[in-house]
Amino acid sequence: MASKKQAYTALENLPEDKFPKHIFIIPDGNRRYAKKMGRPKLWGHTQGFKTALKLLRFLRPYPVKTVTLWGFSSDNWKRDKKEIEGLMKIFGLIIDKYLNEVLKDKGRFIHLGRRDRLPKNLLKKIKYAENKTRQNSRRIVALALDFAGEDQDIRMLEKAKDLPHGKIDEETLWGLRDSKGLIRSADLIFRTSETRVSDVGWINGKHTVLYFLPDKLFPETEEKDMIDAILYYARTKRNEGV
């Protein structure tokens, strides 16, 4: 494996067309990290929040068009109430802390997932961030909250009932998704602690490259891990049906 210095040099010299255009981050292992360190669960989530911001900031100078952070799965509502309440506050902090940087970078903020079950205060921040950045197009930062592939499929079918009768093509399907066609499937899925993608649905597209760090919990993730993932993507041959 390349040294940290070699990895940075390789990334700096990487041609623009070798970068993934959409990186989807599954930040797994915050609770296990807290247990490992003998701390409360929410402390682990806070450390994960710091790591997420570190990775988002690291990726800013590079030609990555979209970065999505999967913060909360639709299945995560099964967790205890105090943990969920704490997580929702952390997601609000992510928006508070990072929104000005998105604006400065002429980026656009987008939420993926259901909205009807999110706390009103968090939903207010989401709507504000989306409206504030609506005119920007340089890059997209997406936060997936109450998100799951199967859940979105169900909601898409409900929306489809209101469509005029006729042919439903690929673009119509993309328009029914949470991103309304602004975000396509991930080029690179980056996951810590396990070797599975969970219920990401359409995010895991037919040409998506998967990069797993099964031996690292998300708060332990370093910039070099993301560099290694991008370089792995650049080396991966994608025949794309040929």
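Every number in this text was worked out from the coordinates using simple rules, so none of it is lab data. Just so it is clear, the structure is predicted and the values come from calculations on it, not from any experiment. Every residue, glycine among them, receives a Cβ derived from its backbone with ideal geometry; neighbour counts consider all protein chains shown.
Observations on the structure shown:
- Some residue of the range 116-130 being of a type outside the set (Gly, Ala, Ser), within 18 Å of the chain's Cα centre (by Cα) and part of a strand (DSSP E or B): no
- Test result for residue 71, on the phi > 0 side of the Ramachandran plot and touching a residue at least 60 places away in the same chain (Cβ under 8 Å): no
- Selection within the range 1-41 - of a type in the set (Lys, Arg) and under 20 Å from residue 60 (Cβ atoms): 4, 18, 21
- Number of residues in the range 142-188 that are part of a loop (DSSP other than H, G, I, E, B), touching a residue at least 24 places away in the same chain (Cβ under 8 Å) and more than 25 Å from residue 129 (Cβ to Cβ): the value is 0.
Rundown of residues vs (1) basic (Lys, Arg); (2) under 19 Å from residue 216 (Cβ atoms); (3) touching a Leu at 6+ places or on another chain (Cβ under 9 Å), yes/no style:
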| site | (1), (2), (3) |
| --- | --- |
| 4 | yes, yes, no |
| 10 | no, no, yes |
| 16 | no, no, no |
| 24 | no, yes, yes |
| 37 | no, yes, no |
| 43 | no, yes, no |
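- Filtered residues of the range 1-59 (kept if touching a strand residue (DSSP E or B) at 6+ places or on another chain (Cβ under 8 Å), over 18 Å from residue 145 (Cβ atoms) and among the small types (Gly, Ala, Ser)): 29
- Residue count for the range 12-41, restricted to those that are of a type in the set (A, V, I, L, M, F, W, C), under 21 Å from the mean Cα position of the chain (by Cα) and within 12 Å of residue 64 (Cβ to Cβ): 4.
- Test: residue 191 is of a type in the set (Lys, Arg), within 25 Å of residue 109 (Cα to Cα), in a loop (DSSP other than H, G, I, E, B) and within 15 Å of the chain's Cα centre (by Cα): no
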